[in-house]
Amino acid sequence: MPDKPRGEPRLYKRMQALILQGLPNPEVLRIVRLEFPQHRPSPVQVRFERGNVRRRHKDKRVPTSVEARHAWQAKASKE
């Protein structure tokens, strides 16, 4: 059986960087789709990557998507 095609490593590195910046999943997805239009990542991929980042970076405070969305909205309302 052939291996499943793997995703572009740069795509996932970019997702990780945006998640570590504290962006919510919809915003991460929007930015990544603009930067990598040929890959068309799904919301499930962003959610999966956020879980991976949270598991890998236990020493850092990586917010859930809901926490990130609330912080993002609070920041946007202050501006």
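No value in this document is a laboratory result; all are computed from the given coordinates. Bear in mind the structure is a predicted one, so any value in this text is a computation, not a measurement. With ideal geometry, Cβ positions are generated from the backbone for all residues, glycine too; neighbour counts draw on all protein chains shown.
Can you find even one residue in segment 35-46 that is among the acidic types (Asp, Glu) and in a helix (DSSP H, G or I)? Before the answer, list the steps.
The initial filter retains those residues of segment 35-46 that are among the acidic types (Asp, Glu), namely 35.
Subsequent filtering for residues that are in a helix (DSSP H, G or I) retains 35.
Yes, segment 35-46 contains a residue that is among the acidic types (Asp, Glu) and in a helix (DSSP H, G or I).
Number of residues in segment 56-74 that are within 12 Å of GLN16 (Cβ to Cβ) and in a helix (DSSP H, G or I): the value is 1.
Residues are listed down the side, and each one gets a yes or a no for (1) without any contact (Cβ under 8 Å) to a residue 60 or more places away in the chain; (2) surrounded by 10 or more Cβ atoms within 10 Å (Cβ to Cβ); (3) closer than 15 Å to ARG14 by Cα:
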| residue | (1), (2), (3) |
| --- | --- |
| PHE36 | yes, yes, yes |
| PHE48 | yes, yes, yes |
| ASP59 | yes, no, no |
| SER65 | yes, yes, no |
| ALA68 | yes, yes, no |
| LYS75 | yes, yes, no |
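Output the residues belonging to segment 13-34 that are buried (at least 19 other Cβ atoms within 10 Å of the Cβ) and part of a helix (DSSP H, G or I).
Across segment 13-34, the qualifying residues are MET15, LEU18, ILE19, ASN25, VAL28, LEU29, VAL32.
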